[in-house]
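All of the numbers you see were taken from the coordinates with simple rules; none came from a lab. As the structure is a prediction and not an experimental result, all values here were calculated from the model. Ideal geometry is used to build each Cβ from the backbone, glycine not excepted, and the neighbour counts take in all protein chains shown.
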Amino acid sequence: MATAADFSLGKVAVALTPQERFAEFLQTRAKRITRQRQTIVEHVFSHHEHFDADQLLADLHKTPEGIRASRPTVYRTLTELVDAGLLKKMDLAGRAVYEHDYGYPQHDHLYCNSCHILIEFSSAELNRIREAVANQHHFRAQSHRLIISGVCARCRSTRSKSRHQDRV
């Protein structure tokens, strides 16, 4: 039986910080690194979690400094971060969810349709299957995205308890 350690993500070495990489990206497009953009990038990369634009806006306003960033600036900056290869965007249950891409290894997700939790995992076996399928079709795989949807153990347990109580 596989354990959580069998699916840990590990780390990828990078030459630049996300802030440096983003500044370089903006420079190649003749755009400035404004204070708002810089603050958004610093906040996004200060911790690793999945988030949407509304969560980011709320988190920015909750900081001790009460950072003010307009909704259009947040959406524009998120798009730029995706274009720069720093974030990945996933569409889940009708909402855009973002996660770190730069400095993180290839990984996949389990998505709970009930509580909307995303669980990250990496599987060498899955990567071997991807390579075998690509080789069979004379295809060079560069990456893949797999999101397995279902119901997590906590939600199944809650459902099971509520069904049991309904029968009493």
Which of [x] 49; [y] 59; [z] 45 gives percent of Cα pairs over 21 Å apart as computed here? It is [y]
A chain fully extended from HIS61 to LEU146 at 0.36 nm per residue, minus the present Cα-Cα distance, gains in nm 27.3 nm
Applied in sequence order to region 17-32, the curve 6.51 cos²θ - 1.76 cosθ + 1.60 (Karplus, θ = phi - 60°) yields integer Hz couplings, x standing for Gly and Pro, of 6, x, 5, 5, 5, 5, 4, 5, 4, 5, 4, 5, 10, 6, 10, 8
Taking a ≥ b ≥ c as the square roots of the Cα gyration tensor eigenvalues, with a/c under 1.5 meaning rounded and otherwise prolate when a/b beats b/c or oblate if not, region 13-104 comes out rounded
For 94-100, 124-130, ranked highest to lowest by mean beta-carbon neighbours within 10 Å, the order is 94-100, 124-130
Label model pair PHE139, HIS48: point-to-point distance (7 angstrom along the Cα→beta-carbon line) in nm is 2.8
Across the chain, qualifying lysine pairs (alpha carbons under 29 Å, at least 8 places apart or different chains) come out at 7
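Which shape class, rounded, prolate or oblate, goes with region 105-168 when its Cα gyration tensor gives a ≥ b ≥ c as root eigenvalues, a/c under 1.5 marks rounded, and past that a/b bigger than b/c marks prolate?
Here region 105-168 falls in the prolate category.
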Ordering 23-32, 112-121 by per-residue average of other C-beta atoms within 10 angstrom, highest first, gives 112-121, 23-32
Mean-square fluctuation maximum in Gaussian network of the chain, Cα pairs under 10 Å, restricted to HIS107, HIS137, HIS47, hits HIS137
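Considering Cα pairs under 8 angstrom that are at least six residues apart, work out the relative contact order of the chain and quote it in whole percent. Kindly include the intermediate steps, with their values, before the conclusion.
Numbers: 163 pairs, mean separation 37.7, N = 168.
Across the chain, relative contact order equals 22 percent.
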So, with points 7 Å from each Cα along the Cβ direction, the ARG76-THR17 label distance in nm works out to 2.4
